[in-house]
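Every read-out reported here was derived from the displayed coordinates using simple, explicitly stated rules and does not represent laboratory data. Source: prediction; values computed, not measured. Here the Cβ positions follow ideal geometry from the backbone for every residue, glycine too, while neighbour counts run over all protein chains shown.
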Ligand code: CAA
């Protein structure tokens, strides 16, 4: 059993409430008992862990931050962050399939949806009967979201979609796809529209599954539309609101990725800490060497700081404050901490860190994407700088 250092040793100044602590402990137990033991197999076989999703659904976690009237659990975003962290600590694939569903699809429906849309889409998503995905990037546009070329031309009470979207988390497995498409190239970001597209719509097909460095079970693929009709009733906000929907969605999504990164870093730390107490070199366990102790000291300091930045962004979100900068700071720092820490953990394992008999090489591979998706570290610096210059 791994040591649950994160549960008791939160730094002074921030204490989880009893409810937040309970949800963290409950999800930790579930994740360590069910998801951690099959994480290596999911990674090796590039297999979407549907049974993990079903267990999350049975545990009423799929709609955690949404009001009960839509089938959610009515919990706050600190609780949500602890869930994503604990999933990330056990199995990064499971944390991202969950956070893409909650942060990138259900949340924008909750924020921008009409009452009719919320009643229609959220209950099955909160019950885990429907899985969500978000489709913003394209083969030729990632960081520059406004350059999207996938077209949505309105014809009466429908939009007709043509084009492709790339890097879709939950790829072939999702049921609802929040697609950001262009109504008029000349309008750039003001021409973007946000549409909920259902799996099985005519002309909606999947490209090949991507063969990735990490989070290998998360089903990432291109999606393609050829004259795909989408009812205007599936539009979130107005016809020119797609960019705003994307940016607000990514603000929340970045807290999810920060939480995932904290979980990956802490999970690797826990494995390395346990190993350091068992591995003997020069007649001593390696945790008795200062070189190793300093690595743990540096890592734990950075992980605690990343966690606090993440909670800070969650608290601002729950208060209804603007949290764009805080989410970008949390994601930037936590993802870079995850990368630095997992590299150190591999080093602590020595040769055993480089082979798949031990899990830390997987954590190191899984950490890398947290510096890339939902806005690269360079985009986070840009967002932080823009907000700082505005005095926010
Ligand atoms: N909230 C609300 N509105 C926002 C906003 C925010 N966070 N950020 C910008 N806006 C508004 C601006 O106020 C501006 O509004 P007006 O037109 O009314 O003035 C408008 O949006 C345009 O803003 P910018 O001029 O700043 O836009 P930009 O084109 O320069 O782009 C950017 C800004 C920060 C670079 C943005 O494009 C961005 O975040 N890019 C990264 C995209 C990204 O993260 N992609 C990842 C895709 S998801 C994924 O990874 C897949 C997955 O499945 C996990």
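Kindly express, to the nearest 10 degrees and within the range 0 to 90, the angle between helix 290-319's C-alpha long axis and the longest C-alpha principal axis of the chain.
30 degrees
Can you tell me the order of 353-362, 139-148 when each peptide is scored by its average per-residue count of other Cβ atoms within 10 angstrom, highest first?
The densest-packed peptide leads the list: 353-362, 139-148.
Tell me, what is the percent relative contact order of segment 246-389, built from C-alpha pairs under 8 Å that lie six or more residues apart? Display every interim value, and only then the final one.
Values: 186 pairs, mean separation 49.7, N = 144.
After rounding, I find 35 percent.
Note the angle between two axes, namely the Cα long axis of helix 324-349 and the longest principal axis of the Cα atoms of the chain, as a number of degrees from 0 to 90, rounded to the nearest 10.
That helix lies at roughly 40 degrees to the long axis.
Among 368-377, 214-223, 342-351, 280-289, how do they line up by average Cβ neighbours within 10 Å per residue, starting with the highest?
Taking the mean over residues of other Cβ atoms within 10 Å, the ranking is 214-223, 368-377, 342-351, 280-289.
In what order do 160, 23, 379 fall by count of nearby beta-carbon atoms within 10 Å, going from fewest to most?
So the residues, fewest neighbours to most, are 160, 379, 23.
Between segment 287-360 and segment 50-126, what's the alpha-carbon centroid distance in Å?
24 Å
Using alpha-carbon pairs under 8 Å, 6+ residues apart, how would you state the relative contact order of the chain in percent?
16 percent
Arrange the following residues from fewest to most other Cβ atoms within 10 Å of their Cβ: 183, 17.
17, 183
Given N residues in segment 303-389, what is its alpha carbon radius of gyration divided by 2.2 N^0.38 Å? Could the numbers behind the result be given before it?
Working: Rg = 15.3 Å, N = 87, 2.2 N^0.38 = 12.0 Å.
Relative to the rule-of-thumb radius for its length, segment 303-389 sits at 1.27.
Indicate the gyration tensor shape class of segment 190-257 (rounded, prolate or oblate), computed on the Cα atoms with a ≥ b ≥ c the square roots of the eigenvalues: a/c under 1.5 is rounded; otherwise a/b larger than b/c is prolate and the rest oblate.
oblate
Starting with the fewest neighbours, write out 324, 93, 169 ranked by other beta-carbon atoms found within 10 Å of each beta-carbon. Can you show the working numbers first?
Details: 324 19, 93 28, 169 25.
So the residues, fewest neighbours to most, are 324, 169, 93.
Can you check what the Kirkwood hydrodynamic radius comes to for the chain, Cα pairs only, in Å to one decimal?
Computed over the chain, the radius equals 21.2 Å.
On C-alpha positions alone, give me the angle between the axis of helix 115-126 and the longest principal axis of the chain, in degrees, nearest 10.
Computed tilt is about 30 degrees.
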